[in-house]
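Step one of this worksheet: look at the structure below.
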Amino acid sequence: MVNWGILATGKIARSFARDLALVPDAQAVAVGSRRAESAAAFATEFGIARAHASYEALVADEEVDVVYVASPHALHLAHVRLALEAGKHVLCEKPVALDRADAEEMIALATERGLFFMEAMWMATHPVVREVARRLRAGELGTPRHLHAELGFVVDADPDDRLLDPALGASALLDMGIYPLTLAHLALGEAEELTGVATLSDRGIDLDCAVTGRYPGGALATMTASMTSWSERSGRIATDRGLVELEPPFHHPARAVFHPIEGDPVTIEGEEPVIGAGYGNEIVEVGRCLAAGLLESPLVPHEQTLTLMAQMDDLRGRLGVTFPG
């Protein structure tokens, strides 16, 4: 049994806790928050035994094997460091950091301490996404020539909300754009060139962005992220043999369909079932890696995390987006 501690009690932590309850051999034994009442309410809602009124108390909990860091990404480095220095394995919500340098520091510390560390890029552990990527690599769906992916929704929140506050790393690219970029990386390989444009808020964060990329073999990608509009949340890959469509939302699809230019459509499902909303599959992957004595996941390897962070660093520079401090 893998015992989890949940650091922070926001929306993403609630989604994670719901899926954690569906995973055999895994359980949430503790939750930590900066406010005692928040931790207590979360623990009551999800049937968690211990509620800690600080993150320091959570990582000191002797029953906790793995800490899931669910705080805003501007705070990830401090909270990951806290957990690793307490000797806990870590699953850190995506994006794992504000920039590659912070991510490198996390990975170096985990490696030095002999602890497992993984970015919670749950799309990369999703059975349907994995199967689409596998079939593309095997040439079963033809040679990919163009990928399009979009993720957008209207953020109607107070200015100090983490999605709008520059001090908390607010960015359509980091919050939403990481999903199209990851899909392109998984389906096409490492980008050879990326460029982008954005609409910035009066506080200097990117509210909307569009990215184009060239990938190995001359494949192209167009990717968009938005905090001001509702998109289809679609993902599709055109090959020389037909079109692969991931059922929206593309970052956790129920299935994909290959529409060959000749012949009938082919439904693509994963080799394993999707657990809950998909967070369950990354929880299973963490448990599998710990049982095997691995320090990183082959599905979300450290190098992949660093590559995508570097891509976003470069794009933010091109877009003119900076963070305080």
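The values are calculated or read from the model by the stated rules, or taken from the named source; none is laboratory data. These numbers were taken from a predicted model, which means no experiment stands behind them. Note that each Cβ is placed from the backbone with ideal geometry, even for glycine, and that neighbours are counted across all protein chains shown. Only protein heavy atoms, including side chains, enter the accessible area calculation; ligands, DNA and RNA are left aside. Shrake-Rupley method; radii C 1.70, N 1.55, O 1.52, S 1.80 Å.
From largest to smallest, what semi-axes in whole angstrom does segment 1-148 give when each is the square root of 5 times an eigenvalue of its alpha carbon gyration tensor? One finds semi-axes of 30, 19, 14 Å for segment 1-148. Relative contact order of segment 110-252: 31 percent, from C-alpha pairs under 8 Å at least 6 residues apart in sequence. With helices as the sole contributors, the chain gives -10000 deg cm²/dmol at 222 nm; each DSSP H run of n ≥ 4 counts as -39500 (n - 2.57), and the sum is divided by every residue.
In segment 27-87, the portion of solvent-accessible area held by carbon and sulfur atoms comes to 48 percent [1.4 Å probe, whole percent, DNA, RNA and ligands not counted].
Between helix 100-113 and the chain, what is the angle of the helix's C-alpha long axis to the longest principal axis, kept within 0 to 90° and rounded to the nearest 10? It is inclined by approximately 50 degrees. Set Lys and Arg Cβ to +1 and Asp and Glu Cβ to -1, take the dipole of the chain about its Cα centre, and tell me which of S201, F16, V274 lies farthest positive. With unit charges placed on the Cβ atoms, the residue in question is V274. Principal-axis analysis of the Cα atoms of the chain puts helix 178-188 at an angle of about 50° to the longest axis. Computed from Cα positions, the angle between helix 36-46 and the longest principal axis of the chain comes to roughly 60 degrees.
Recomputing percent of Cα pairs over 34 Å apart from the coordinates shown identifies the correct label among (i) 22; (ii) 25; (iii) 30 as (i). Under the convention that each Lys and Arg Cβ holds +1 and each Asp and Glu Cβ holds -1, the size of the dipole of the chain around its Cα centre is about 160 debye.
Using the 1.4 Å probe convention, the accessible area of the chain works out to 41 Å² per residue with neighbouring protein chains retained. Quotient of the Cα radius of gyration of segment 179-222 and 2.2 N^0.38 Å, N being its number of residues: 1.32. Averaged over residues, the count of other Cβ atoms within 10 Å places the peptides 145-157, 289-301 in the sequence 145-157, 289-301, highest first.
Count the DSSP beta bridges whose two residues both fall in the chain, then state the antiparallel fraction as a percent rounded to the nearest 5. The antiparallel fraction comes to roughly 55 percent.
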